[in-house]
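**Student:** Quick one: structure below, then a few questions.
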Amino acid sequence: MRTRVVAGGGKERAGGHFKLLEHRPGPPDLLVAAYDPPELPPGTCSLEVTLTDGTGASRTSSAPFVIGPSGNQTEPRTSEKGTP
């Protein structure tokens with residue numbers, strides 16, 4: 001599993017802590033996790049989580065969110081993209 005936060009301009013922000021809380025085998029598998037992000041500047045960011053299976057196939061889920069001027073975060077929306 002790989003996680004990353006991409007801030008405005010496509011710049012990856014290092015740091016933060018990702019913790020897998022639960023895995024419910026599927027189909028589809030369900031993963032529940034908590035993420036404590038690094039210090040982020042105001043603007044639009046995206047949390048990307050990539051899972052790779054035993055065959056090397058991967059799937060990435062992306063959740064964009066906005067950090068307001070006071071550091072408040074808005075609700076994320078999720079999307080998925082996969083690579084064969």
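The values are calculated or read from the model by the stated rules, or taken from the named source; none is laboratory data. Keep in mind the model is a prediction, meaning the values are calculated, not measured. Because the Cβ atoms are built from the backbone with ideal geometry, glycine has one as well, and the counts that use them run over all protein chains shown.
**Student:** Among the residues of segment 35-43, are any part of a strand (DSSP E or B), of a type in the set (A, V, I, L, M) and touching a residue at least 24 places away in the same chain (Cβ under 8 Å)? So that I can check it myself, show each step before the final result.
**Tutor:** Going through segment 35-43, the residues part of a strand (DSSP E or B) turn out to be 35-36, 43.
Checking the rest, the ones that are also of a type in the set (A, V, I, L, M) come to none.
No, that holds for no residue.
**Student:** Residue check: is Glu48 of a type in the set (D, E, K, R), more than 15 Å from the chain's Cα centre (by Cα) and modelled with pLDDT of 85 or more?
**Tutor:** For Glu48, the condition - of a type in the set (D, E, K, R), more than 15 Å from the chain's Cα centre (by Cα) and modelled with pLDDT of 85 or more - is not met.
**Student:** What do you reckon, is Ser79 over 14 Å from the mean Cα position of the chain (by Cα) and modelled with pLDDT under 85?
**Tutor:** Working: over 14 Å from the mean Cα position of the chain (by Cα): no; modelled with pLDDT under 85: yes.
Taking the combined requirement at face value, the residue does not satisfy it.
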